[in-house]
Amino acid sequence: MWTLSVAWWELIVRSLIVYGLLMVLLRITGKRQVGQLAPFDLVLLLVLSNAVQNAMNGGDNSVTAGIISAVTLIGLNFLIGYLTYRSKKLETLIEGQPEVLIHNGKLFEKVMARAQLTHHELNAALRQEGCVCVADVHCAILENNGTITVHQRPAGQ
């Protein structure tokens, strides 16, 4: 139960590698996937966590191995949070930047395509903010966390 079958340092290295790979893969998939989980996205994350489990623990199912992996992941997450707080360049690299989807009623199709955001999803976000159509929008921004911030045009413009 407490005896490791894999060296403690190997558990740390394995956890670092898996964490880094998952960060890169999730960053590549785009903002929409992380911020607005559809049921199939949730299933993917659950299956993904199960798929990488053995890569992290090297087949060691002891409590000690679980504790070492958990502490490594939480420590790495804390470190990355601290480093992105201290460095705007690193923050942009890891978290990305907000992107303008609509400005003064003009829709930027290339931004939507790059973010893999459908018109249906955009229209749903606009409706939530009380906008009937794109022409009613002063600006709509796809935030780093996948949400869409909408600012309506002032009345009479």
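Read-outs: derived from the displayed coordinates by stated rules, not from any lab. Here the structure is a predicted model, which is why all the values come from computation and not from measurement. Every residue, glycine as well, gets a Cβ built from its backbone with ideal geometry; the counts of neighbours run over all protein chains shown.
Amide H to amide H, with H built 1.01 Å from N, G146 comes under 5 Å of no residue 5 or more places away or on another chain. Here the sum of -39500 (n - 2.57) over DSSP H runs of 4 or more residues, divided by the residues of the chain, equals -19500 deg cm²/dmol at 222 nm, to the nearest 500.
Does the stretch 8-95 come out rounded, prolate or oblate, given a ≥ b ≥ c as the square roots of the eigenvalues of its C-alpha gyration tensor, rounded meaning a/c under 1.5 and, failing that, prolate meaning a/b above b/c? It comes out oblate by the Cα gyration axes.
Close amide H contacts of Q152 (hydrogens built in the peptide plane, cut-off under 5 Å, sequence separation of 5 or more or a different chain): H138. For the chain, a simple Cβ point-charge model (Lys and Arg +1, Asp and Glu -1, everything else neutral) yields a dipole of about 360 debye relative to the Cα centre.
Relative to the longest principal axis of the Cα atoms of the chain, the long axis of helix 39-57 lies at roughly 20 degrees.
Counting only alpha carbon atoms, the long axis of helix 119-128 and the longest principal axis of the chain meet at about 80°.
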